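The values are calculated or read from the model by the stated rules, or taken from the named source; none is laboratory data. This one's a predicted model, so the numbers in the text were calculated from it and none came from an experiment. Glycine also receives a Cβ, built like all others from the backbone with ideal geometry; neighbour counts cover every protein chain displayed.
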Amino acid sequence: MSKALTRQATLDLDGRRVAVRFLRNRRARRIILRLDQGLDGAEDGVVVTLPSRTPPEEGLDLVRDKADWVLRRLDDLAPRIPFADGARVPLGGVDHVIRHTAEKRGVVRLEGCEILVAGGHEHLARRLRDWFKGQARDRIRPRVRDKAAVLGCTPGRITIRDTKSRWGSCSAEGNLSFCWRLVMAPERVLDYVVAHEVSHLAEHNHGPRFWRLVGRLTEDMDRSRDWLKRHGEHLHRIG
C-alpha cells in the first residue's frame, strides 16, 4: 500500500517551478512518476512513488532526468476553469454560466443556463462546489436504487466524493462511491457509471456476464465509456 510522506519539494525544470509530492509503497520495485493534478486549487505537479528504502533524493533525480516528459505532460493538461463569476461550466453536459448575485442569502439556484450564486463573493467557489455535490447526490442516488431493484440487489451506503483515479467504486460490502464531477458529464455518461457500479453488486468482476448486466441497465455504454476516456480529465480541471 502507498503511504504519503511528509516531505514535499519544488524543482526548477527548465526555468519552471514544479511541485513534487512523495508516496512510499513497500511493494514497489522501482521509482514511479505520475502527473499530479491538484484538486481544490492545489497546483499541478508530479507524484513520486518510492520503494520502501529508496531515499526521496533518488526520486528527485529521476524527475530531473524526465524533465522533458514532465513538462510536456503538464503542458498537455486542459486549462483550469475556476468556479468564478462569468465562468462557463458544464452541468449534465450543457454549458452554464456562473453568475454572482448581490443577494445576501447564500443560496445557489438554476435559471435557464445560468447558475446564480448568492452571498459573499469570497464564498462563491465553496458554495458552488457544495451545490454540485448536492446535484450529484440528487441525480445518482435514485438511479442507484432503481437499477439495483432491476437486478434484485440492495445497495449499501452511497457516498459522493472528489476522486481522481475512479469515477465510481463498489466495495465487497456493497457500498457505492461516486465522483461528484460526473454530474458535469452528459446524463448518459453518469447513467453508465451508475449502471457499471450497480452491476458489481451482482457480479464482482468484468467478465461477459458483468457487461451483459451493464448493457441491461443503461443504453449506449460503449459511447459513454469512450466519452469518459476522451473528456474525463477535463472535468478534473473545473472548480
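May I ask you to verify whether Thr163 is closer than 25 Å to Glu233 by Cβ, surrounded by 15 or more Cβ atoms within 10 Å (Cβ to Cβ) and not hydrophobic (A, V, I, L, M, F, W, C)? So that I can check it myself, show each step before the final result.
Working: closer than 25 Å to Glu233 by Cβ: yes; surrounded by 15 or more Cβ atoms within 10 Å (Cβ to Cβ): yes; not hydrophobic (A, V, I, L, M, F, W, C): yes.
So Thr163 passes the test.
Scoring Cys153 on the criteria (1) part of a loop (DSSP other than H, G, I, E, B); (2) within 29 Å of Leu35 (Cα to Cα) leaves a single failure, condition (2). The set of residues in the range 38-87 that are surrounded by 13 or more Cβ atoms within 10 Å (Cβ to Cβ), of a type outside the set (D, E, K, R) and part of a loop (DSSP other than H, G, I, E, B) comprises Gly38, Pro51, Thr54, Leu77, Ala78, Pro82, Phe83, Ala84, Ala87.
Residue by residue, here is whether (1) surrounded by 14 or more Cβ atoms within 10 Å (Cβ to Cβ); (2) modelled with pLDDT of 95 or more; (3) not in a loop (DSSP other than H, G, I, E, B) holds:
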position	(1), (2), (3)
Glu197	yes, yes, yes
Arg212	no, yes, yes
Glu219	no, no, no
Asp226	no, yes, yes
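Being in contact (Cβ under 8 Å) with a residue 12 or more places away in the chain and under 21 Å from the mean Cα position of the chain (by Cα) is the filter; apply it to the range 200-223 and report the residue that is farthest from Leu151 (Cα to Cα). The residue in question is Arg223. Which residue is modelled with the lowest pLDDT, if the candidates are limited to the range 18-37 and must be among the aliphatic types (A, V, I, L, M) and outside any loop (DSSP other than H, G, I, E, B)? Only one residue fits best here, namely Leu35.
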